[in-house]
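Some notes on the structure that comes next.
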């Protein structure tokens, strides 16, 4: 690290759990963020400000005025701009040393297969059930840790799925594709503005911990937040030995 970086990241360096070595790990890391909306905004801003060296942001959508109630990486001047590019500008305004690569495409299986393989940690900040499963399959295939967050109405949830650790569940173990889960979107159900900030910030924290080996992670646990009463509940997540994604040998 140079003198400017030592100053910028001094509050991280002062942490015994992180120090110079941990900060250097962050600077050498590559995070893949899929979704640049309510969750992706705080995720990108905190990973960028913390000094994650490379960040790839995937989102095919553009900034809309209805996004500004909660998607804090965007502003009125960037309405109509692709969200991934808006996030790139927002991170650059905080920390221009971070290399942010915007990918203005829908996250399909082919794109995910390429991008996940290059990342050190993957953050699912989407609100689409099919995309979540595609992200999970790519992470299991490439043995990449996945930080998954969700928020709707007044409820949030967060978990870490790490295919590198035997016996840990994947996203499909908990939410099977054939479970008949009804998809809900904030466009029709609404979402409490600070809720996505809370969940997204915790996603960023879990990602930083994964990248540096700091503390224990939410692997094998589902953290649920009731924003009405600001109450947290946690349940253990066992691996499904019959899971179609992780419960059988992979090539």
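Just so you know, all these numbers are worked out from the coordinates, no wet-lab data involved. Everything numeric here is computed off the predicted structure, so don't read it as measured data. Neighbour counts run over all protein chains shown; Cβ positions are idealised from the backbone, glycine included.
Some points to look at:
- Within the range 41-59, considering residues that are in contact with a strand residue (DSSP E or B) (Cβ under 8 Å, 6 or more places away or on another chain) and part of a loop (DSSP other than H, G, I, E, B), the one nearest to residue 148 (Cα to Cα): 59
- All of 30, 60 fail the test of being in contact (Cβ under 8 Å) with a residue 40 or more places away in the chain, more than 14 Å from the chain's Cα centre (by Cα) and surrounded by fewer than 24 Cβ atoms within 10 Å (Cβ to Cβ), apart from 60.
- For residue 73, the conditions (1) surrounded by fewer than 24 Cβ atoms within 10 Å (Cβ to Cβ); (2) in a loop (DSSP other than H, G, I, E, B); (3) without any contact (Cβ under 8 Å) to a residue 60 or more places away in the chain are fulfilled apart from (1).
- Flag for residue 38 being over 22 Å from residue 148 (Cα atoms), assigned to a loop (DSSP other than H, G, I, E, B) and touching a strand residue (DSSP E or B) at 6+ places or on another chain (Cβ under 9 Å): no
- Residues of the range 106-115 include at least one that is farther than 17 Å from residue 39 by Cβ and free of Cβ contacts under 8 Å to residues at least 24 places away in the same chain.
- Number of positions in the range 193-251 that are under 20 Å from residue 137 (Cβ atoms) and part of a helix (DSSP H, G or I): 3
- Only one entry in 164, 106 is in contact with a strand residue (DSSP E or B) (Cβ under 9 Å, 6 or more places away or on another chain) and farther than 22 Å from residue 52 by Cα, namely 106.
- If you go through the range 202-230 and keep only what is out of contact with any strand residue (DSSP E or B) (no Cβ under 8 Å at 6 or more places or on another chain) and loosely packed, with under 15 Cβ neighbours inside 10 Å, you end up with 213, 215, 216, 228, 229, 230.
- Scanning the range 190-201 for residues that are buried (at least 21 other Cβ atoms within 10 Å of the Cβ) and out of contact with any helix residue (DSSP H, G or I) (no Cβ under 7 Å at 6 or more places or on another chain) yields 191, 195, 196, 199.
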